Amino acid sequence: MNRTAWILNLHEPFGAALGRELMSRGWNVIGGEPTDPDTREERSAAAKNGSGELPEPRAADDGWGSTIAPESVSPPVPGGDLSDEEERPSGWTHGAHIGENRDIPTGTGSSGLEDFEGSVAFGPESNARPKAGTTDPAYAEETQAPSHGADPNASNEAGAFVPAEPEDGNSDRTGGSAAASSEARTSGAASRIDLLVLNAGEMAPVFGHPSSRSIEGKTDESSVPGGWPADSAGQEDTTAGRLQDYETYALTPLRAVERLLPRMNAEGGLKRICFISSREGSISVGEAHMPIGRAMAHTALHMQAKLLFNDLRREGYTFRLYDPGLRPKLSGGSNPQTGSSASDSPMTPLSAPIAESARFAAGLFANPHANEDRLVLTGSRGEEWPF
Amino acid sequence: MSTYHAVITGADRGLGFALAEGLLERGWRVFAGSYLPDWPQLGELQERYPDLLIVLPLDVSSDSSVLAAAAAVEERTRSLDLLINNAGVITDKNEDSIRTSQDYDEMIRLYQVNALGPIRTSEAFLPLLERGELKRLCFVSSEAGSIGKAERTAWFAYCMSKAALNRGVRLLFDRRRPEGFTFRLYHPGWMRTYMSGERNTEAELEPSESAASALEYFLGSALPWDDKPHAIDEDELVMRDWQGREWPW
């Protein structure tokens, strides 16, 4: 049985990397953008040269800017071959740039996490990619049988990013028949969601080490490479910025759960909800240099996860709350974490921290956990962070 | 003895009013933030303490209102010893589960008042507090903000706002404690207040009861539950309830 994951902000670096990892484990991956449906329709209409004609609603339209990733033919690339490129954020995180150069490691298969993935946090399940059926030449030399998870329903086939329906309705780009079949696939693929990944905001790697902060003892990250400078908050510490943080990091995930929960109820579904958060939302260990609104919003997200856990666990849902070890990217300005990287280069691979964290997350999200009756903020090394 | 100065938000009724009354009885000069000008209790209290009670219009969800209140206080005193962030709101949408349509405007309203309100108020009054003797910031939070102990299955707006408040207080603590500021974070218990619109007669505590415990905690180093003097560790931020119990984050 195929499994489908729906990832909020699939185009964001971590979301894209996670999508790729899940695909390599045989998952279908759907992406959604946190756009207001009315706004999206307006934008789509505007894209039609002001004709005012709104696009046909898709069978699976959930009111979110869903993107169905392209079906894998050759190694699937999250965000690759997506239509309507001009409506997306530009940069190295999008389109076919990700993993385009296969000589450059993207963290897949080279994370160094093999020693403990599947053994520390998740019991005997393997976090390795499926080997059989894969079309990824990078794994062609691997001959072992698939061992990608204990989920008996999980597909061992290479995952699929189903082609996206062009939001601008320009059938010339993909062909009318392709668009029609895309819609059919979209409807089918999105009819049931097994794994809902709430990846709010945009993450950026912390250069140095993603776990440079000790749980036991605080580190003054003003002296840590990649730490926020004390005055980095800037305009984010205005009321408007703080409200925007709340909308982005707390309310947007809740809106997604509210809208998509009906699609997770189907019989045989995995019923797993995964929150991408940050230990900056930890009251116990979050640092002081984080913009206050950002930190508070992440704490609100943790509470939200706990309330949903309390409610839905009894219906068989399982939950993950994950700190990818990355930094939420400051909005509206340059990010100190990415400023020094060659992030604008289309040939730049996913940064190693993002790729490694996404690989770990894929295992965490796809595999069962020894204790599903406890909600834990789990870090990218399998460590537990306190609330 | 010099007169201490305090600002209390949401002092019209309930816990805020009881806190104001308790400080006035102790001889404090109190600036009482008022959001409900038609509510009579503060007016009656002012008649009893005409020289010590100053009523200020204050909507903690409004930047301009908070700044105006801070300016009004600064016109009357050059320093402040105690700020009690008490104002809070609740919603009648608490029981709406995720299976029902959520009211996101309500969530933002509660966040503005319960979470951002105390932070913006604290930031506005920091210069006055810096010149005060106690330099104490007090926050009325709630057990509903404890993620570790959360057992509710809805209450998104309220619980998220209070958890966020606790994080905001922690961040202020980390930033300002080295400058000599001190902090109290308090869960007042289930009180017979008007927070939900009508007076909750089923609750277990009168506001005055919780206020008595709160003031012991806010003002002193003697913990209220055993009458023995203890030095509160000012370098550790915890949330305590009216019985002195510590709540996990």
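The values are calculated or read from the model by the stated rules, or taken from the named source; none is laboratory data. Bear in mind the structure is a predicted one, so any value in this text is a computation, not a measurement. Methodologically, a virtual Cβ is constructed for each residue, glycine included, from the backbone with ideal geometry; neighbour enumeration extends over all protein chains shown. Keep in mind that these areas ignore ligands, DNA and RNA; they rest on the heavy atoms of the full protein, side chains included. Shrake-Rupley method; radii C 1.70, N 1.55, O 1.52, S 1.80 Å.
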**Asked** Cα-Cα over 25 Å: which of A:Lys271/B:Lys162; B:Lys93/B:Lys135; A:Lys306/B:Lys162?
**Response** A:Lys271/B:Lys162; B:Lys93/B:Lys135
**Request:** Please list A:Arg259, A:Arg242 in order of solvent-accessible area, largest first, computed with a 1.4 Å probe with all protein chains present.
**Result:** A:Arg259, A:Arg242
**Per residue Cα convex hull volume in Å³ - calculated over region B:1-90** = 89
**Item:** Cα gyration tensor category, rounded, prolate or oblate, for region B:5-247 with a/c compared to 1.5
**Value:** rounded
**Partner chain coverage, peptide A:240-253 - average Cβ within 10 angstrom** = 3
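What percent antiparallel are the DSSP beta bridges of chain B, to the nearest 5? Present the calculation step by step, with values, prior to reporting the outcome.
Values: 3 of 28 bridges.
Percentage antiparallel, nearest 5: 10.
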**Complete:** If amide H atoms are modeled at 1.01 Å from N in the peptide plane, then the residues at a separation of 5 or more from A:Gly379, or on another chain, having amide H under 5 Å from its own are A:Asp323, A:Glu384, A:Trp385
**Reciprocal of mean inverse Cα separation for region B:6-46 (Kirkwood radius, Å)** = 9.8
**Complete:** If amide H atoms are modeled at 1.01 Å from N in the peptide plane, then the residues at a separation of 5 or more from A:Arg327, or on another chain, having amide H under 5 Å from its own are A:Ala204, A:Val206
**Asked** Where Lys and Arg each count +1 and Asp and Glu each count -1, what net charge lies around B:Ile147 among other residues with Cβ under 12 Å from its Cβ?
**Response** +3
**Message:** Using a 1.4 Å probe on the protein heavy atoms, what percent of the accessible area of region B:5-247 belongs to carbon and sulfur?
**Reply:** 46
